[in-house]
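Data block below; observations after.
What follows is calculated from the coordinates using simple rules that are stated; it is not laboratory data. Treat the numbers as computed from the prediction; the structure is a model and nothing was measured. For neighbour counting, all protein chains shown are included, and Cβ atoms are generated from backbone atoms with ideal geometry for every residue, glycine included.
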Amino acid sequence: MRDVNSDQMKNPNIRSYILASLLSGLLLALSTPPIQLGFLAWFALIPLFFVIEKSNSRKHAFWYGSLMGLVFHLGAIYWIAFNTGATMAARIGSGIGAVLLMTFWFGFISLIHRILIENFGRGGHFLAILLWTAQEVFRAQGDLGFPWPYLFLTQGEYLSILQLAAIGGGYLVSFWVLTINVLLLSYRDLGRRSIVSVLLIVVLTIGIGSFRERSVYHKGSDQPIGKFALVQGNIDPAEKWALGPEMSFEIYLSQSISLSSENPNIIVWPETAAPVKLSKSLYWKRYVQAFVDSMNIPLVTGASDYEFIDDKLMRYNSAFMLTPGGRTIMQGYSKVHLVPFGERVPYQQYFPSLGTLNFGQAEFKPGESVKTWDMEGKKSQLKAAPLICYEVIFPELGLEATRLGADVFLNLTNDGWLRGTSEPKQHLLLTRMRSIENGRSMVRATNTGISAMIGSSGRFLKLLPEDVRGGLVEDLPAGVDTIYVRYGHWFGKCVLFSTISLLIYTLLIPVVKRKKRAAN
């Protein structure tokens, strides 16, 4: 109590600063699904940035940033604690752990932001645009990478603004949001020029983005690559395994038959729609192959897989494509980026003993690399890139698939463990980012929503909501070349390099000052 009262005497505005920090977190949370008031993010960070500037110390800046991070992440990723596929202890532990980790990470970034203000005055806010963007790039790396509750998610409903991703990826969208915030904050110094600048940026971004989106959509629609179908079984994930594969196959086969009358080039089922070891079970392999032969339509389905390496069982979360003609499974793919602690304990490549830990995870082995599959399209041979569930949120995987020649993405997903939360909507919005970045259409087949046909501009062509059993059929637009595909992660790399250089320079400033004082 003494420390708190002492702080209040030194800074009588501490309560106001706490409220301002909480307000920033609340506004950001309201910018993401389920509320999705994305425009709030354009000024959500102003209270926090103002408080960082006015705070008494770096310690205070850390705690203000932590408060903002706590509220934001409680609102944005609360659903981690509602994963019905995990034990109660794992759900609560992972939910609390994720929120606290991101809470204190935001506090750390706010502390660095404060150092920039100390060295560069109010101009440090503009430099902090680099800092806050770079931390998103950094957080996406490695086994624990989680590019989910990012600023570009807040703009997920604004398709015209998201077109920036075709230039510099989602990080350019986050950079745009931060720039708007800092320009509005700089009204104190720039006056009406800051408002005019914001208006110009917003109007030009929306105008040019809308024009680009319509152009890409119409150009691709004039040259459709193929007619794609997906099935959404709407099966409770727990029941699927408890009631046996016959129940799942009955649902997916009957739905596929109803879609086959529209003569799609391929039918896509969701992640683990086939609850069997499909490649290893001769009975179920022949069963599904016979169905594909009878429809004369290729089929993609998620299924489990395994192999023995040095007498050790390795399990995979996989997808397979079967083609008509009596052949066996044609092409397979195993999920490359697994959910940390849900599908695999991370960093086993460095510390193999971590594989002996048991948190109730599935403990899969990651696949070796992204792949593309050959398939027949409307006019020519196509390449389809399967991306299984969670891994679709990682931009490098979509880029790698596109550079391997992918004409379309197939996202096989099961969000059924989190039905009724905001996770399925957030996942959908993050999925469309891969289409915009790479200029490729997407088939998103989920177990129970939200399934979607997404055009190469990121437009939602058709949607199937949660708790609905059915299917979608759509001619998907042809792809387009984008700056992002040509130059890759150029923007994220530039921001990261610039921020590291800035921080090194900032650390050297006190050293230079001390040397000058010593010389005098």
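Points worth noting:
- Computed FRET value (nearest 0.05) for Leu243 with Val468, which takes r as the C-beta separation and R₀ as 30 Å: 0.90
- The length gained on full extension between Gln141 and Ser281, counted as 0.36 nm times the residue separation minus their Cα-Cα distance, comes to 46.8 nm.
- Enclosed volume per residue, in Å³, of the convex hull spanned by Cα atoms of the chain: 171
- Pairs of lysine residues in segment 223-487 - Cα separation under 18 Å, sequence separation of 8 or more or cross-chain: 18
- Cα-based equivalent ellipsoid of segment 223-487: semi-axis lengths in Å, sorted from largest, via gyration tensor: 26, 23, 19
- Within segment 313-407, the proportion of Cα pairs with more than 24 Å between them is 32 percent.
- Shape class for segment 232-347, computed from the alpha carbon gyration tensor (a ≥ b ≥ c): prolate, with a/c not under 1.5 and a/b above b/c.
- Least to most buried among Cys389, Cys494 (fewest other Cβ within 10 Å first): Cys494, Cys389
- Fewest-first ranking of Met295, Met375, using other Cβ atoms within 10 Å as the exposure measure: Met295, Met375
- Pairwise Cα inverse-distance average, inverted: Kirkwood Rh of segment 235-281 (Å): 11.7
- Alpha carbon Rg of segment 462-520, scaled by the compact-globule rule 2.2 N^0.38 Å: 2.51
- Solvent-free Debye scattering, log10 I(q)/I(0), computed from the Cα coordinates of segment 373-449 at q = 0.12, 0.15, 0.17, 0.23 Å⁻¹: -0.33, -0.50, -0.62, -1.00
- The calculated FRET efficiency for Ile504 paired with Ser261, based on their beta-carbon distance and R0 = 60 Å, is about 0.40.
- Stokes-Einstein diffusion of segment 28-89 at 4 °C, 1.567 mPa s viscosity, Kirkwood radius from Cα pairs, rounded to a whole number: 97 µm²/s.
- In terms of overall dimensions, segment 41-124 has a Cα radius of gyration and Dmax of 15.4, 49 angstrom.
- Cα centroids of segment 109-132 and segment 339-403: 37 Å apart.
- Helix-only CD estimate at 222 nm, as mean residue ellipticity for the chain, using -39500 (n - 2.57) per DSSP H run (n ≥ 4): -16000 deg cm²/dmol
- Shown for Tyr17, Tyr187: other C-beta atoms within 10 Å of each C-beta, ranked fewest to most, produce the order Tyr187, Tyr17.
- Calculated FRET efficiency for the pair Asn56/Glu307, C-beta based, R₀ 51 Å, to 0.05: 0.30
- Compactness relative to 2.2 N^0.38 Å, alpha carbon Rg of segment 166-314: 1.71
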